[in-house]
């Protein structure tokens with residue numbers, strides 16, 4: 001994989017950073033996963049304040065106010081529609097739409113919030129992986145794009161969108177002498 005993809009492929013700042021971690025820094029799937037999770041959570045706006053409340057706060061608030069006579073699904077549906085109408089970001093509105101889909105499919109139960117986060121973030125990341133691979137194919141080759149897509153999809157498999165990501169320790173840059181002393185493995 002080329003190590004200059006983040007410089008030669010025109011992308012948004014956050015996805016260019018992820019492409020740099022993948023191509024230049026050569027991070028593996030487990031190292032890349034927290035950065036993908038953090039980017040997805042930030043860009044779909046689960047922590048963005050809309051009308052004085054975040055999407056996570058809205059879901060937690062309505063989950064805790066269920067009573068014995070109703071399951072709270074109707075009030076959650078209404079709250080999600082109101083939140084969606086006030087949200088400015090298309091990604092946040094899409095997350096609300098996905099939350100309503102999860103609500104209609106699985107109902108309002110104890111694992112509603114994790115299901116919503118997982119579905120909304122996975123949908124968002126899949127869309128952007130396709131976008132990044134299309135941009136790489138446009139700028140470089142289809143083989144390069146396939147390699148980038150495969151690497152991102154492998155990292156997506158180990159992403160946990162339900163918790164705040166824990167980032168790996170920063171890597172130390174090698175100096176010139178350390179790079180010269182690096183042993184190379186020869187394969188036949």
Original post:
Can you name the number of the only condition in (1) loosely packed, with under 14 Cβ neighbours inside 10 Å; (2) at pLDDT below 80; (3) closer than 20 Å to residue 161 by Cβ that residue 48 fails?
Top reply: (1)
Original post:
What is the residue count in the stretch 92-123 for residues that are more than 19 Å from residue 74 (Cα to Cα) and crowded, with 21+ Cβ neighbours inside 10 Å?
Top reply: 4
Original post:
Among the listed residues 102, 116, 132, which satisfies the condition of being assigned to a helix (DSSP H, G or I) and assigned by TED's automatic domain parsing to the domain that holds residue 36?
Top reply: 132
Original post:
Which members of the stretch 139-158 meet the condition of being assigned to a helix (DSSP H, G or I) and free of Cβ contacts under 8 Å to residues at least 60 places away in the same chain?
Top reply: 142, 143, 145, 146, 149, 150, 153
Original post:
Taking residue 93, is it under 22 Å from residue 158 (Cβ atoms) and not assigned by TED's automatic domain parsing to the domain that holds residue 12?
Top reply: no
**OP:** Check the stretch 159-175 and report whether any residue there is closer than 21 Å to residue 44 by Cβ, at pLDDT 90 or above, under 18 Å from the mean Cα position of the chain (by Cα) and assigned to a helix (DSSP H, G or I).
**Re:** no
Original post:
So which residues in the stretch 59-75 are under 24 Å from the mean Cα position of the chain (by Cα) and either modelled with pLDDT of 90 or more or crowded, with 18+ Cβ neighbours inside 10 Å (or both), if there are any at all?
Top reply: 59
**OP:** For the stretch 97-127, enumerate the residues that are within 18 Å of the chain's Cα centre (by Cα) and at pLDDT below 90.
**Re:** 113
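The values are calculated or read from the model by the stated rules, or taken from the named source; none is laboratory data. The model shown is predicted, which means the values in this text are computed figures rather than measured ones. Methodologically, a virtual Cβ is constructed for each residue, glycine included, from the backbone with ideal geometry; neighbour enumeration extends over all protein chains shown.
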